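Written out below as structure tokens is the structure these notes cover.
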Amino acid sequence: MAECDFDCESCGVEDCGEPEAKNFNIFRAYLNKESSVKKVIGVVSGKGGVGKSIVTSLLAVEASRRGKKTAILDADITGPSIPKAFGLTGNVVPEGEHIKPCTTEGGIDVMSLNLVLTNESDPVIWRGPMIASVVKQFWTDTIWDKEDIMFIDMPPGTGDVTLTVFQSLPLAGLVVVSTPQDLVGMIVEKAMKMANMMDIPVLGIVENMSYMRCPDCGKILRPFGESKAEALAKKYGIKLTAQMPIDPKLAETVDRGEIENITSNPLSEFAAALL
Ligand code: ADP
């Protein structure tokens, strides 16, 4: 018997019951039948090293603490750092035709290339289309069990994989991560403009490494210059912004794989507003 192939033009099955069938789009990646994800938020940055993965992790921790069934899809294939932040060292296991994600102690489901590789320090020497197809497979082949919210740690920049994720996954919106010196440059704006061109709303801006507190006198220092987040938010009509300090303790917590144990989440209010 013919089966629905999600393309109403060709499959010939009437009333197949597939809600997505009528909206079939060749660029779109579809979830498997065992999965459901209510809302997907991408976390993007103009360039690497600005704290995109930390922000993704903190948002997920806060969502989970607020009772949401939370998932992270680590699409930063060449620099996957999510498993380390959560102290995940195991490998994902196949279940039938699909894969079960690894689950953190706090109950966050995570899929990352580092949970597939036998040696996590092995480099991924793949061309863009291959990397992009792995991201789509993570979406389609993983069992995402009744997730209320999924955060996608996107690859930095506006390249091939970013474009694939924008086209193929149902993003409800984006969080843009930057740093004060980065914000003045054109790179972050490129990411914002790319999102606009693809009709994906930017929900908020997180300015990471925005300031630091002097450990001796408590004075606020801004080693990378004055905050630019508000100005950028105003320019693009974005209501939600957050500033995160440089915090060596946060970096240590991440290095120890204990991000779920943080007592004061610098993105708590931001995440609440986002949710
Ligand atoms: P990206 O995902 O943008 O490449 P990461 O989140 O992996 O960046 O962060 C890069 C490094 O900077 C990590 O070692 C992380 O622990 C550190 N880092 C990021 N943000 C902060 C911060 N606010 N305070 C201290 N260290 C930070």
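In this simple spin-label approximation, A231 and N196 carry label points 7 Å from Cα along the Cα→Cβ vector, and these lie 1.7 nm apart. Arranged from fewest to most other beta-carbon atoms within 10 Å of their beta carbon, F27, F224 become F27, F224. Counting beta carbons within 10 Å around each of D199, D145, D109 and listing the fewest first gives the order D199, D145, D109. Quick one: among K68, K38, K219, which has the greatest mean-square fluctuation in a GNM of the chain with alpha-carbon springs under 10 angstrom? Judging by the Gaussian network model, the answer is K219. As a rough guide to protection, the peptides 155-161, 58-64 ranked by mean Cβ packing within 10 Å, highest first, stand as 58-64, 155-161.
Look at V165, V93 and count the other Cβ atoms within 10 Å of each Cβ; fewest to most, that gives V93, V165.
Rg and Dmax of the stretch 34-136, based on Cα coordinates, read 13.6, 39 Å.
Of the cross-linked pairs K68/K235; K190/K249; K68/K146; K69/K190; K47/K239; K39/K136, which ones have a Cα-Cα span greater than 21 Å in the structure shown? From K68/K235; K190/K249; K68/K146; K69/K190; K47/K239; K39/K136, over 21 Å: K68/K235; K190/K249; K69/K190; K47/K239.
Directionally averaged projected area (the chain, Cα convex hull): 16.0 nm². Largest first and in whole Å, the equivalent-ellipsoid semi-axes of the stretch 130-195 read 25, 14, 9, each the square root of five times a Cα gyration tensor eigenvalue.
In the chain, helices alone account for a calculated mean residue ellipticity at 222 nm of -8500 deg cm²/dmol, with every DSSP H run of four or more residues adding -39,500 (n - 2.57).
P(r) tail, the stretch 117-275: Cα-Cα pairs separated by more than 22 Å, 54% of all pairs. Kirkwood hydrodynamic radius of the stretch 48-97, from the reciprocal of the average inverse Cα-Cα distance over all distinct pairs: 12.3 Å.
Largest first and in whole Å, the equivalent-ellipsoid semi-axes of the stretch 53-197 read 24, 18, 15, each the square root of five times a Cα gyration tensor eigenvalue. Summary value for the chain: 24 percent relative contact order, contacts being C-alpha pairs under 8 angstrom separated by 6+ residues. Between the stretch 183-257 and the stretch 69-131, the alpha-carbon centres lie 26 Å apart. For the chain, the dipole from Cβ point charges (+1 on Lys and Arg, -1 on Asp and Glu) about the Cα centre works out to 1220 debye, to the nearest 20.
The numbers here are math on the coordinates, done by the rules we state, and not lab data. Fair warning: this is a prediction, and the values are worked out from it, not measured in the lab. Don't worry about glycine lacking a Cβ; one is built from the backbone with ideal geometry, like all the others, and counts go over all protein chains shown.
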